[in-house]
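Right, one structure below, let's go through it.
No value in this document is a laboratory result; all are computed from the given coordinates. These figures come from a predicted structure and were not determined experimentally. Cβ atoms come from the backbone with ideal geometry, glycine included; neighbour counts cover every protein chain shown.
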Amino acid sequence: MSSSTQTTQALRPDRKKSRLHLDIVGLGIALVMVFPVYWLIISALRPNREIRSYDQTLWPTSITFDNFVRATEQPNFGTAIQSSLIVAVTAVVGGMIIATLAALAIGRFRFFGRKALVLIMILVQMLPPTAMLIP
């Protein structure tokens with residue numbers, strides 16, 4: 001009985017180049033996707049005078065939590081948060097219940113137009129939500 005070991009071949013130089021190009025493109029796409037979140041966080045932590053200035057930088061000169069303190073001191077802040085949570089939880093739980101029952105019905109029962117319904121659902125999921133707003 002003999003044991004054999006398999007060796008993996010190193011990537012050829014031309015494949016290394018194409019892989020490097022893909023990595024650079026992927027990194028660029030990731031940066032473009034993450035940048036709005038970064039800007040949102042940095043803008044929330046900037047003082048008002050820096051937000052209103054025309055000279056915007058990628059890194060704030062000073063970080064402050066005064067914006068958050070002022071927002072929580074508003075008279076209706078607690079009520080607004082409570083209302084938002086009630087609406088969000090109701091929408092998520094209601095949507096999950098309806099989606100679960102619809103999936104059960106489509107998966108279990110055979111009815112006229114079932115395949116067309118599934119096809120329409122898949123097509124709608126493929127479109128971005130803003131594209132569905134265009135008449």
Under a Gaussian network model of the chain whose springs join Cα atoms within less than 10 Å, the largest fluctuation of Ser18, Ser84, Ser62 belongs to Ser18
Which of (i) 2, 7, 7, 7, 9, 10, 11, 11, 10, 10, 8, 5, 2, 1, 1, 0, 0; (ii) 2, 10, 21, 22, 19, 12, 8, 4, 1, 0; (iii) 2, 9, 17, 20, 20, 15, 11, 5, 1, 0 is the computed P(r) over Cα pairs in 5 Å bins from 0, in percent? It is (i)
Within the set Arg46, Arg70, Arg110, GNM on the chain using Cα springs under 10 Å gives the largest fluctuation to Arg110
Mean separation of Cα contacts under 8 Å (at least 6 apart) over the residue count of the chain, i.e. the relative contact order in percent, is 12 percent
Once normalised by the length of the range 13-73, the mean sequence separation of its alpha carbon contacts under 8 Å that are 6 or more apart gives a contact order in percent of 28 percent
Quick calc: nm separation of the 7 Å Cα→Cβ label points for Ala99 and Leu133 -> 2.1 nm
So the FRET efficiency between Val92 and Leu123, C-beta based with R0 = 22 Å and rounded to 0.05, is 0.35
In deg cm²/dmol, rounded to the nearest 500, the helical mean residue ellipticity at 222 nm of the chain, built from -39500 (n - 2.57) for every DSSP H run of length 4 or more, is -23000 deg cm²/dmol
Within the range 39-127, DSSP-loop chymotrypsin sites (Phe, Trp or Tyr not before Pro) with at most 14 other C-beta atoms within 10 Å are Tyr54, Phe65, Phe109, Phe111, Phe112
Here the equivalent ellipsoid of the range 47-100, derived from its Cα gyration tensor, has semi-axes (largest first, whole Å) of 36, 17, 8
